[in-house]
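Data block below; observations after.
Only the coordinates and a few stated rules stand behind these numbers; no lab work does. Just so you know, these numbers come straight off a predicted model, no measurement behind them. Virtual Cβ from ideal backbone geometry, glycine too; neighbours counted across all protein chains shown.
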Amino acid sequence: MPNSIFDLLERPWFPRLLLFLFVTVVLAAMDLRQTMFGLALEPAIGKPGESGLFGRVAIAAVIGLIFILNLALMRLFRFRVQVVIIWVELLILFLAFFYSFDLSFPFIFSKLYFLIVQGAFTTVYVSMAAIVISCVIALVAALARLSTSGPAYATATFYISFFRGTPLLLQVYLIYLGLPQMGFVIDAVPAGITALSLCYGAYMAEIFRAGIQGISHGQREAAMALGLKKGLIMRKIVLPQAMRLIVPPTGNQFIAMLKDSSLISVMGVWELMFLARTQGRAEFKHVEMLITAAIIYWIISISFELIQARIERYYGKGISH
């Protein structure tokens, strides 16, 4: 019996059959009779509301068959062409899904400019300011974490432990609401930048530490044998090479920060998430604004992912040469 099962798995049609059955069962459980698929198959299955279990299974089977045929046809194209085709297909399904919400597009277009100019700009501005400060904090904390000084090591580990061990939203409230009770009044935008900087500085400190430790210790010993001081060795030898290890995860942290910056909307900062909620609440069109904000976040993230890829290639070429 085991040998026969393994023989079936090695045959190309059997995994496809299992995938078809899985997709069919999942889609049948979702009940797509009232969607455009059910309306398209109405001549074959009857009215969607009256087709019952047969209609649910028939719709699911047709979609599952289209899915399997689509995967089979992809084998005829090169890898890059496959990626482009699948992206286009998923984008069409993505837009069709949101179109099924019966959105008010005139309302979206009337608010789109304001969301981009005010909301998206504030989101990017806050995130870029916070990532710069985070890098400085992370570098200092990483160096303290690697030092042989007890106070420096203890301070760095305490800072990293606290800000990695508590939610960002809690840190936002502590800074924005807690500091005024101590006599330090801080505006919403600086408070948001401070919270993001401290939180991500703690996470990035470990990235910087790992990058610095990733450089061979033998290079430091060779530089010290030549009479170079520790500070000069760190600036001229260790850090330039460590950047190749630090830059990729730092870019990922920045993209994550773009999305986490939505948490500072609780302080009334006019960033993208805050405007999406308030503009949608004004005319009871929450879905329109939330979907628009999601697409704007997505476009911004893709843009910075492309920039990150170019920076990584630049550092890769710089180190290799």
_Normalised alpha carbon radius of gyration of the chain [divisor 2.2 N^0.38 Å]_ = 1.36
_Quick check: Cα centre of region 246-321 to Cα centre of region 153-183, how many Å?_
23 Å
*Identify which of 282, 309, 60 has the largest mean-square fluctuation in a Gaussian network model of the chain, with springs joining Cα atoms closer than 10 Å.*
60
*Subtract the Cα-Cα distance of residue 81 and residue 305 from 0.36 nm times their separation in residues, and report this length gain in nm to one decimal.*
78.6 nm
_Over 18 Å apart: what share of the alpha carbon pairs of region 38-138 falls there, rounded to a whole percent?_
73 percent
*Determine which residues of region 217-257 fall in the zone a paramagnetic label at residue 210 would reach in this model, i.e. backbone nitrogen under 19 Å from the point 7 Å along Cα→Cβ.*
217, 239-257
*When the chain is modelled as a GNM with alpha-carbon springs shorter than 10 Å, which of 219, 253, 34 fluctuates the most?*
34
*Quick one: helix 79-99 against the long Cα principal axis of the chain, what's the angle to the nearest 10°, folded into 0 to 90?*
70 degrees
_Loop chymotrypsin sites (Phe, Trp or Tyr not before Pro), region 245-321, which have at most 14 other Cβ atoms in a 10 Å radius of their Cβ (DSSP)_ = 284
*Quick one: among 201, 52, 251, which has the greatest mean-square fluctuation in a GNM of the chain with alpha-carbon springs under 10 angstrom?*
52
*Per Stokes-Einstein, at 20 °C and 1.002 mPa s, what whole-number D in µm² s⁻¹ belongs to region 170-321, with the Kirkwood radius over Cα pairs as the hydrodynamic radius?*
116 µm²/s
